[in-house]
Amino acid sequence: MNLILILIGAMLVNNFVLNKFMGICPFLGVSKKTETAFGMGMAVTFVITVASLVTYFVRQLLVRFGLEYLQTIAFILVIAVLVQVVELALRKMSYSLYQALGVYLPLITTNCAVLGATILNVDNGYNLIESVVSGFGGALGFTLAIVLFSGIREKMALSDLPEWMKGFPGALIAAGLMSVAFSGFAGLI
């Protein structure tokens with residue numbers, strides 16, 4: 001039951017993008033088309049989930065040698081390696097998605113949602129399984145938010161909006177309204 005609460009909490013209640021406001025750059029930059037947004041969401045899901053797993057062991061190793069102060073640097077190195085793996089895999093398996101993600105794919109390394117997930121696992125005192133479930137739930141929440149937002153942006157692009165609301169201003173208003181809507185999940189857990 002605790003794992004389900006962690007999963008739902010990370011996905012909906014403490015959504016990285018819409019509650020903690022982490023990972024906004026790819027959220028706004030890659031959300032014009034649903035296919036691209038879904039591809040970014042899957043890449044981030046892989047990186048956050050595997051990073052949650054690997055950084056748990058890295059943290060244990062750092063604690064054993066009294067090097068806790070190197071935690072953030074070590075976590076960033078783990079994330080950078082994972083992003084390179086994703087980049088190479090996408091280049092080989094789905095070159096069109098690789099091109100569509102463009103500069104945002106290597107920027108997953110500096111996506112604060114990815115680093116935030118690993119640090120939140122440590123701050124919450126999660127064990128290995130809880131860390132992976134929390135990371136996976138947070139990543140699914142990121143994917144849910146970016147895919148929903150891309151659907152809204154696609155509809156807005158086809159709508160007859162006032163001139164001042166076209167493009168980025170309308171996207172920011174929609175993102176704010178999504179954030180308010182997701183705040184309704186706060187009482188869920």
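The values are calculated or read from the model by the stated rules, or taken from the named source; none is laboratory data. Being a predicted model, the structure only gives us computed values, none of them experimental. Reconstructed Cβ throughout: ideal geometry from the backbone, glycine too, with neighbour counts over all protein chains shown. The area values use the complete protein model at the heavy-atom level, side chains included, leaving out ligands, DNA and RNA. Shrake-Rupley method; radii C 1.70, N 1.55, O 1.52, S 1.80 Å.
Numbers for the structure displayed
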{"read-out": "The chain, accessible surface, carbon-and-sulfur percent (1.4 angstrom probe)", "value": "70 percent"}
{"read-out": "Per-peptide average of other Cβ atoms within 10 Å, ordering 88-96, 168-176, 12-20 highest first", "value": "12-20, 168-176, 88-96"}
{"read-out": "Gaussian network model of the chain, Cα within-10 Å springs - most flexible of GLY102, GLY23, GLY135", "value": "GLY102"}
{"read-out": "Within the range 30-189: Cβ-based charge dipole about Cα centre, in debye rounded to nearest 20 (Lys, Arg +1; Asp, Glu -1)", "value": "260 debye"}
{"read-out": "Distance between the range 25-41 and the range 1-18 - C-alpha centres, whole angstrom", "value": "21 Å"}
{"read-out": "The chain: relative contact order in percent, alpha carbon pairs under 8 Å with at least 6 residues between", "value": "42 percent"}
{"read-out": "Burial order of peptide ranges 108-119, 144-155 (average beta-carbon count within 10 Å, highest first)", "value": "108-119, 144-155"}
{"read-out": "Rounded accessible area per residue of the chain, 1.4 Å, Å²", "value": "52 Å²"}
{"read-out": "Among 182-188, 34-40, the order from most to least packed when residues are scored by Cβ within 10 Å on average", "value": "34-40, 182-188"}
{"read-out": "Amide H contacts under 5 Å for ASN14, placed H, 5+ residues apart", "value": "none"}
{"read-out": "Kyte-Doolittle mean at least 1.0, axial Cα span of 30 Å or more - DSSP H helices of the chain", "value": "34-64, 71-93, 128-158"}
